[in-house]
Amino acid sequence: MDATVKSHFTPHEAPAPTKAAVFWRPTAKSGLMSWLTTVDHKKIGFLYGIFALFFFLVGGVEALLIRLQLAVPNNDILTAAQYNTMFTMHGTTMIFLAVMPLSAAFFNYIMPLQIGARDVAFPRLNAFSLWTFVAGAIIINLGWFMQDGPPDGGWFGYAPLTSKTFSADHSIDMWVMGLQLLGVASIAASLNFIVTIINLRAPGMTMMRVPVFSWMTLVTAFLIILSFPAITIALVELMMDRLFGTNFFEVSNGGMPVLWQHLFWVFGHPEVYILILPAMGIISEILPTFSRKPLFGYPIVVFSGACIGFLGFSVWSHHMFTTGMGTVATAAFSLATMAIAVPTGVKIFNWIGTIWGGHLKMSTPMMFALGFVWMFMMGGFSGVMHAAAPADAQQQDSYFVIAHFHYVLIGGSLFALLAGIHYWFPLMFGRKVSEFWGKLSFWIIFAGFNITFFPMHFLGLNGMPRRTFTYDANLGWNTPNFIATVGAFILGIGVLIYFIVMIYTYAKGERVKRDYWDGRTLEWSIPNPPPEYNFAVIPTVHARDAWWYEKHHQEEIAKEKAAHAKEDAAHGGIHMPFQSVYPLVTSIGILIGAIGVSVVDHGHKLPVALAGAAVMLAGIYLWAMEGNEGYHIQADQEDSHK
Amino acid sequence: MDGHQTTMVTAGPVAKAQLDVFYVTCWVTLVIFVLVGAVLAYATIKFKARTDADEHAEPPEQSHGNPLIELGLIGASIFALVIIAVPTLKGIWYTYEPPAEQKENVYEVTATGYQWWFKFEYPKEQIDGVGSLVTGNELVIPAGRPVVIQLRTVDVIHSFWVPKLAGKVDMIPNRGNHLWLQADEPGYFWGQCAEYCGDSHAVMRFRVIALAEKDFADWVAGQKQAARTVAATAQAGADNAKVQFASFKRNEYGFTPKWDANATVSPLDNWKQQQFPAKDENPALIAQGRKLFTEKTCAGCHTIRGHEGIGITGPDLTHIGARTTIAGGLLENNPDQMARWIAHPDVVKPGNKMYTTGYLPNNVQLTDADVAALVAYLESLK
C-alpha cells in the first residue's frame, strides 16, 4: 500500500511549481512530528482524549484536596485562598479541559466513522482546533507555576469580584484569556463537525439514518457555535475592563454586574447540554448494541435531543432565581425549565424501551450505560426541584446544587464517556478490556460516586452553602461531610483502577477481531485499529443501523462496494490530505499573543502580544498558501473486504 | 436535618411556603422515580442474557418503537409537571412581597453586604443629629410581623440567607433587591452569605434575632443611646491589668460551645444575657482601651456613637458588647474570642480589610497589653 501519487486535485492541474522551502510538507507517519502535524481525525481525536484524561486527573486531584479540607470542621489543610483556587480550577478544568475535550475526542474519532467519511471536512482546521485548545489549557493552568497563583474567581467568574478592583493580579487575566482561546478552538471544531455531517455522509445516509451519537454531535456543535459567542462577549468586556479601563462591569462608573450573569448563563446553560448531549448520544449507541435491538423510537430520541438543545437557550435565568428578577421573569424561566424535563424524560423512556425485549449482554460498557440511566434520572429529578423557583431559593448555592449537577455530570456525562471509552476501545486499539477489571472499576466508581454525592443533598437541605472553605462543628454538617470525603477517595480509587486497566490493555490487552461487540453502525465495519483512510471503499447506506443491515445483506453490499472501488481506482486511489505544520504554528502564535495579553506585566504586554500576532498571521498566511493538496493511496484489498 | 441553619425546619411563612413547594417536587419526582425505576430494574433483570449461548442466540425482534407509548408517556410527564407548576407559581408570587393585608404592618430594614460582614440599618429608627440606627452582623427584628429587607452591597455580590426564615436573595451592585420574611415566634436564627464573594466568603456569617414587640421596642430604645461610658473608680489602675486570654489553635474557627446542640441555655436567652454589663469590669483598663481606640486608628473605620469613633467602612461598634457574635457572626462574643480576633485578624478572617501585616492603613501594631485594654473597652460597650 501507500503508493503515493500526485493528487489530481492540485489547482489547475499545472505541473507543480518549484515551491519555496517554507512549503515543506511533513510526511512522517510515526514519531513526534507525525503527531504535531497530523490532520488525521483519528489521531487528533486520540490526542484530544489524552489531554482530556490528563486534565481529568488534574481536576480529580483538585477535587480530592477540596474533600480533604472539608473532611472535618475547621480544617486547615488548605488556606481560604488555596481552597478558593481549588474549586475555581476544579470547575474550570472539569468542564472545559476534561469533559468537553473528551466529548470532542469522540466527535473526532467516531463521528466520521459513523457517517462513512474518510475524514472531517477541514482536516487542517481540525488540527488547529486541537492545538488552540491546548494553548488555552496552558494559559489557564500557568498560574500554578507563577507567584500570582491560578485563578480564584470561580468557574463562573462573577463580576465585580473578577474586576481589577477586587482581583488585581494576573490570575483572572489568564482565566479570561484561556477561556477565549478555548472558545475559538470549540467554535472552529464545531463548524468543522457541522460541515462534515452535512456534507460528507456516505451515499444513502439520509439525516434520519445518521446514528444518534453523530446526531448529538451535530446538535452539540450548533449549541457551541450559538452559545460561545455570548461568553466571548462577556470575556472580552471583562478583559477590556481589566486592561483598558472600560466600564462594562465597573460599578463605580455605572457598570452592571448582573449583565455578566446574563451573558455568562446564556452560554452557561447551553454548556450544560454541550456536556450532556454527547453523553446521551453515546448511551443511545451502547444500549441498542448490547440489547441487540435498534434504538426504541429513533426519530423521537433525535428530535428530543434537538428539542433539549433548543430549549436549552431559553432557561439560562434559572441560574439566577435569587438575583431578584421579579415575579414574571422568574415564573417564565421556571416553567421553561420544567418544560425541558419532557424531552429529557422521553429519552429515558426510549432507553428503557430499547432494552425491553432485548438480549442484554452485561459487558462493562453496558454496566456504565445502565449506571448512567439511573444516575441521570436522579440528577434530572433534583433538577426539577431546582426548576421550582421558591424551592430553589433555599437550594441555590447550597450543597444540594452540588449534589444535583454532579449526578448529572459524573453520573451522567462522565459515566457515558467512560462507557464510550470501553465501548470503542476494541475499535480504536484492536484490544479488549478485561471484563473483570472493567466491572470492578465500574462498581467502585459507582459506589464511590454515590457515597460522595448522595449525602450532599442532605448537607444542602441542612443549610450548608457552596464554596466555603470551612464550617463550624455545631451545624450538623460533620457526618455527611466526612462520608462524602471517604466516598471521594473511593471514587478516586475506582478511577485510578479504570485508567490503569486502560493503560495495561493498550499495551498488553488481548487482541480481538473486527466488530467485537456485534455493532450496528458503520464504525464497526472497518478493521481495527482503523486504517488511516478509514473505509477502503465508501459504504452505501440502506438502513438506519447501516452495518447491521450490511451484515444481513452481504451479497447486495458486495456488488455495490466493487462498483465504488472501481470509481476510486479510476481516480488513482483513495485521496488523502497532506499533513501540515501551519495549524500548529498558528496556535503557537495565539499562545504567545495570549501570554502577552494575560501573563506579561503591564508595560511589556504590547511587544509580546504583537510578536504572537505576527506568528499567528504568518501561520494563517502560509496555511492558506500551501494549498489543500493531497496524495493517493491504494487500499489493501483483503483489508477492505469482510 | 435540624441544624441551626436547616431549611427543613421553618420558623416563618416564607420559608414554610418554600419548603411546601420543595415537598411537592420531592413527592412527585419520587413517585416517578419509583415507577420508572421499577420498570428499568424489571427490564434489566428480565431481558438479561444469562448464558453464553443466550448471548449468541438469534437476535430479538428488531422493533423500532411505538408512537402511542411515546405520546402517552409525554402526556403523563406534562401532567406531572403541571402538578409541580401550580404551587411553584403561587409560591413565586407569595414569596416576592408581603401579603397585601399585611402592608400596614411591615417593618423595613436595609441590609448591606461588605467583604465580609453585614451592615443593618433601621430607617424607621431615627437618632437626632445622626440619622438611622445602624448595627452590624446581628439583625434584630420584631417577631410576628413581616419584615422587608432592602438588600444592598458596597463591593461585590453577596447573598442574604437565613434558611429558617426565608430563601436567599442576592445583594448586587447597582441593583436594588429586597426580600421579605417573618419570624412567627421570638428566636435566634443563623444566617450566612450564600454567594461566593472572595477569600473569606465561608466566614461571612450573621444572626437574626426576633423579639416580642415589647422586647424589640426596648432594644431599639437601648440601641439609640450613645455608647456606654463606664464611670472611673478609684481602686483600679491600668497596670494591674494582667489579663490572661485563652489561646486557640490556628484552625479553631468560630468555636462556639454556647450554640452546640447540648447547650444548657437557649441561644435567645444567651442573647438576652449578653445585653447586661459584666460584673468584673475594670474602669481604668476600659478608659485605656478607649484611648487606644483612637491612638491605634481604629476610630478611622469604626463608629462608636458618642465616643470618638467616626469611621464608616467597618462595622458600627456602638453596642458591640451586647452582640452575641463578633467578626461577622463567626466567633462567640467573649473576651477570649475578642482578644483572638483583635490579635490575629488575618488568621480568623483571611483577606480581611482591617489587617495585613499590621492594622491598615498605617500598619499599626498592638502589644498584648493593648489588646487587653481594647477587649475590656469593647466588651463594655453594652
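The values are calculated or read from the model by the stated rules, or taken from the named source; none is laboratory data. Please read all numbers here as calculations on a predicted model, not as lab measurements. All Cβ positions, glycine included, derive from the backbone under ideal geometry; neighbour counts span all protein chains shown.
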Condition broken by B:K249, with the remaining ones in (1) in a helix (DSSP H, G or I); (2) out of contact with any helix residue (DSSP H, G or I) (no Cβ under 7 Å at 6 or more places or on another chain); (3) not polar (S, T, N, Q) satisfied: (1)
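Results for (1) at pLDDT below 95; (2) under 18 Å from A:A230 (Cβ atoms), shown as yes or no for each residue.
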| residue | (1), (2) |
| --- | --- |
| A:I139 | no, no |
| A:G143 | yes, no |
| A:Q147 | yes, no |
| A:D152 | yes, no |
| A:K164 | yes, no |
| A:S167 | yes, no |
| A:L182 | no, yes |
| A:A185 | no, yes |
Flag for B:P173 being under 14 Å from the mean Cα position of the chain (by Cα), at the interface with chain A (Cβ under 7 Å from one of its Cβ atoms) and not aromatic (F, W, Y): no
Hits in segment A:65-87 - residues which are part of a helix (DSSP H, G or I), touching a Phe, Trp or Tyr at 6+ places or on another chain (Cβ under 7 Å) and more than 9 Å from chain B (Cβ to nearest Cβ): A:I66, A:Q69
Enumeration of residues in segment A:516-557 that are touching a Pro at 6+ places or on another chain (Cβ under 9 Å), of a type outside the set (S, T, N, Q), assigned to a loop (DSSP other than H, G, I, E, B) and closer than 30 Å to A:F499 by Cβ: A:Y516, A:W517, A:D518, A:R520
Odd one out for B:S132 among (1) in contact with a Lys or Arg (Cβ under 9 Å, 6 or more places away or on another chain); (2) assigned to a loop (DSSP other than H, G, I, E, B): (2)
Index of the failed condition, B:E101 passing every other in (1) in contact (Cβ under 8 Å) with a residue 12 or more places away in the chain; (2) exposed (fewer than 14 other Cβ atoms within 10 Å of the Cβ): (1)
Residue in segment A:327-356 that is farthest from the chain's Cα centre (by Cα), counting only those that are of a type in the set (V, I, T) and at the interface with another protein chain (Cβ under 7 Å from one of its Cβ atoms): A:T327
Residue list for segment B:1-60, restricted to those being at pLDDT 95 or above, assigned to a loop (DSSP other than H, G, I, E, B) and among the aliphatic types (A, V, I, L, M): B:M8, B:V9, B:A11
B:V208 more than 12 Å from chain A (Cβ to nearest Cβ) and touching an Asp or Glu at 6+ places or on another chain (Cβ under 6 Å): no
Pairs with Cβ under 6 Å, 6+ apart, first in segment B:118-134 and more than 14 Å from B:T303 (Cβ to Cβ) and at pLDDT 95 or above, second hydroxyl-bearing (S, T, Y) and part of a strand (DSSP E or B): B:Y122/B:S132; B:P123/B:S132
Test: B:Y114 is under 20 Å from the mean Cα position of the chain (by Cα), more than 14 Å from every other protein chain (Cβ to nearest Cβ) and touching a residue at least 12 places away in the same chain (Cβ under 8 Å): no
Residue within segment B:195-212 that is at pLDDT 95 or above and either outside the structural domain of B:Y114 (by TED's automatic domain parsing) or surrounded by fewer than 16 Cβ atoms within 10 Å (Cβ to Cβ) (or both) present: yes
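Residues are listed down the side, and each one gets a yes or a no for (1) charged (D, E, K, R); (2) free of Cβ contacts under 8 Å to residues at least 60 places away in the same chain:
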| site | (1), (2) |
| --- | --- |
| B:H178 | no, yes |
| B:W190 | no, no |
| B:A202 | no, yes |
| B:E213 | yes, no |
Where a residue in segment B:31-54 is within 7 Å of chain A (Cβ to nearest Cβ) and its partner, wherever it lies, is part of a strand (DSSP E or B) and of a type in the set (A, V, I, L, M), with Cβ under 8 Å and at least six apart: B:T44/A:L360; B:F47/A:L360; B:K48/A:L360; B:A49/A:L360
Total residues in segment A:357-385, condition of a type outside the set (D, E, K, R) and either more than 9 Å from every other protein chain (Cβ to nearest Cβ) or not in a helix (DSSP H, G or I) (or both): 18
Meets criteria (over 23 Å from A:M375 (Cβ atoms), at the interface with chain A (Cβ under 7 Å from one of its Cβ atoms) and touching a residue at least 40 places away in the same chain (Cβ under 8 Å)) for B:T7: yes
Helices (runs of 4 or more DSSP H) enclosed by segment A:558-642 - at least 1 residues per element that are modelled with pLDDT of 90 or more: A:582-598, A:605-626
Qualifying residue in segment B:289-305 (condition: under 24 Å from B:M204 (Cα atoms), within 14 Å of chain A (Cβ to nearest Cβ) and either touching a Ser or Thr at 6+ places or on another chain (Cβ under 8 Å) or among the β-branched types (V, I, T) (or both)): no
Condition met for A:S227 (farther than 29 Å from A:H318 by Cβ, at pLDDT 95 or above and crowded, with 18+ Cβ neighbours inside 10 Å): no
Residue satisfying condition, being touching a helix residue (DSSP H, G or I) at 6+ places or on another chain (Cβ under 7 Å), farther than 28 Å from A:I402 by Cβ and either surrounded by fewer than 22 Cβ atoms within 10 Å (Cβ to Cβ) or among the hydrophobic types (A, V, I, L, M, F, W, C) (or both), within set A:A117, A:A159: A:A117
Search result, residues across segment A:49-74 that are farther than 26 Å from A:L130 by Cβ and either modelled with pLDDT of 95 or more or buried (at least 18 other Cβ atoms within 10 Å of the Cβ) (or both): A:L64, A:L65, A:I66, A:R67, A:L68, A:Q69, A:L70, A:A71, A:P73
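Each row is one residue, and each column tells you yes or no for (1) within 8 Å of chain B (Cβ to nearest Cβ); (2) touching a residue at least 12 places away in the same chain (Cβ under 8 Å); (3) surrounded by fewer than 22 Cβ atoms within 10 Å (Cβ to Cβ).
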{"position": "A:L459", "(1), (2), (3)": "no, yes, no"}
{"position": "A:R466", "(1), (2), (3)": "yes, yes, yes"}
{"position": "A:F482", "(1), (2), (3)": "no, yes, yes"}
{"position": "A:I493", "(1), (2), (3)": "no, yes, yes"}
{"position": "A:A507", "(1), (2), (3)": "no, no, yes"}
{"position": "A:R520", "(1), (2), (3)": "no, yes, no"}
{"position": "A:P529", "(1), (2), (3)": "no, yes, yes"}
Any hit, segment B:146-157, residues being touching a strand residue (DSSP E or B) at 6+ places or on another chain (Cβ under 8 Å) and more than 14 Å from chain A (Cβ to nearest Cβ): yes
Selection from segment A:138-156 of residues that are crowded, with 22+ Cβ neighbours inside 10 Å and in a helix (DSSP H, G or I): A:I139, A:I140, A:G143
Pair list, Cβ under 6 Å, 6 or more apart: segment B:61-80 residue within 7 Å of another protein chain (Cβ to nearest Cβ), other residue assigned to a helix (DSSP H, G or I): B:E70/A:I300; B:L73/A:F349; B:S77/A:V342; B:S77/A:G345
